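This report refers to the structure that appears directly beneath it.
The values are calculated or read from the model by the stated rules, or taken from the named source; none is laboratory data. Since we're looking at a predicted model, the values are computed, not measured. Positions of Cβ are backbone-derived with ideal geometry, glycine not excepted, and every protein chain shown enters the neighbour counts. Only protein heavy atoms, including side chains, enter the accessible area calculation; ligands, DNA and RNA are left aside. Shrake-Rupley method; radii C 1.70, N 1.55, O 1.52, S 1.80 Å.
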Amino acid sequence: MKSITVKAPGRINLIGEHVDYNNGFVLPAAINKSAIVTISKRADQQIHLTAIDIPNELIIESFSDLVVQEKKWANYIIGVIAQFIKKEKFSSGFNLAFTSDVPIGAGLSSSAAIECAVAFALNELFSFGIDKMELAFMAQKAEHEFAGVQCGIMDQFASCFGKQNQVMLLDCATMEFQYFPLELNEYEIVLFDTGIKHALANSEYNTRRLECEAGIKIIQAKFPEVQSLRDATMLMLNEAFSETKNTKVYNRCKYVIAEIERTQLATQDLLKNNLPAFGAKMFATHFGLSTLYEVSCPELDLLVNSVQNNPHILGARMMGGGFGGCTINIIKRTEIQQVVNDLSTIYTSHTGKELKYYEVKIESGVQSIL
Ligand code: GLA
């Protein structure tokens, strides 16, 4: 039977962290690490799933058996199928196998890569005709409903809409976006991977969302026009919290309001090719994520603090949800090896762990490859 093979990438994010679910701006790009999914129709109504890398298999007897599974990998796929069921009718079952070279737990959106590859592949195989933006939202819903993470739209958007050598400025309030080339001259992006994903990452992520919502309510009491932290200013925040002692919620909002503004200014820096100014904002983002938003961890802080005064590194910060995963760094090409050597020594002596690193390239988003 006819089969379709689809590739969907992981992502980096240059700046604009933890603001997608606050209607802010993000600056992601798809990378040269992807999930690859092959699917073909079956003669019956069964769904056969194969995780090639583990390896592991799961057979689902019918479309009415789509429930959360113990096998974590299966939830990213079943979660997506469940979204199609809400609006489409499958004419048959299917076989689906996948592999991925997006490192898991590294903050590179390995789960969004699988979700988007599955969504795109099913849409093609069954000719549902759903547009790519809607597929991205369906992939996001899969994460909410089957993986239990109330993520924003950035990862699935980047995996769907990435373009080679282009970053995307996405306005998460309107979903309008624009591409522009990333011109780093003699610099390159290098990711350093802590090799750690702390167990509380998902629950803390969901807690941050709730804390932002709590903050919006407090601001709204004084400024009813504020619908999201995108609409709020520092002045409003300070006034709204003048009689409240909730420092934690205040700090969360303070970070988000600053980061939404910083991302817009940082984009201007990039467009003007002012890389030092851009890099300085990356460090500022890290500081906010670590001290106000509290989603960093000692390993990430170590990696960022160790490079802060290095003249060959323009900027560095933790990337993605946090509590482990990678830092993103802008490093002078000729100095990369030296930095890798020095940082590896520091990292291993402090943590006993080996430091992995990736020199990522910016690639296209989801597409059929066979
Ligand atoms: C995770 C989520 C995204 C985004 C980032 C933080 O990657 O999936 O939606 O919120 O964290 O910027």
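A few points about this structure:
- Residue within segment 213-228 that is among the charged types (D, E, K, R), within 16 Å of the ligand (Cβ to nearest atom) and either within 16 Å of PHE25 (Cα to Cα) or touching a residue at least 40 places away in the same chain (Cβ under 8 Å) (or both) present: no
- The one condition from (1) under 26 Å from THR291 (Cα atoms); (2) more than 14 Å from the ligand (Cβ to nearest atom); (3) among the aliphatic types (A, V, I, L, M); (4) touching a helix residue (DSSP H, G or I) at 6+ places or on another chain (Cβ under 7 Å) that ILE153 does not meet is (2).
- Within segment 1-16, the set of residues being within 15 Å of the ligand (Cβ to nearest atom) and in contact with a helix residue (DSSP H, G or I) (Cβ under 6 Å, 6 or more places away or on another chain) comprises ALA8, PRO9, GLY10, ARG11, ILE15, GLY16.
- Any hit, segment 77-98, residues being outside any strand (DSSP E or B), modelled with pLDDT of 95 or more, within 16 Å of the ligand (Cβ to nearest atom) and crowded, with 23+ Cβ neighbours inside 10 Å: yes
- Restricting LEU300, LEU270, LEU289, LEU343 to residues that are in a helix (DSSP H, G or I), within 16 Å of the ligand (Cβ to nearest atom), in contact with a strand residue (DSSP E or B) (Cβ under 8 Å, 6 or more places away or on another chain) and farther than 20 Å from LYS254 by Cα narrows the list to LEU300.
- Subset of segment 229-241 [buried (at least 21 other Cβ atoms within 10 Å of the Cβ) and away from the ligand (no atom under 16 Å from the Cβ)]: ALA232, LEU237, ALA240
- Tally, over segment 307-323, of residues that are crowded, with 20+ Cβ neighbours inside 10 Å and over 19 Å from LEU292 (Cβ atoms): 3
- Test: residue in segment 242-261 that is at positive phi and open to solvent by 20 Å² or more (accessible area, probe 1.4 Å): no
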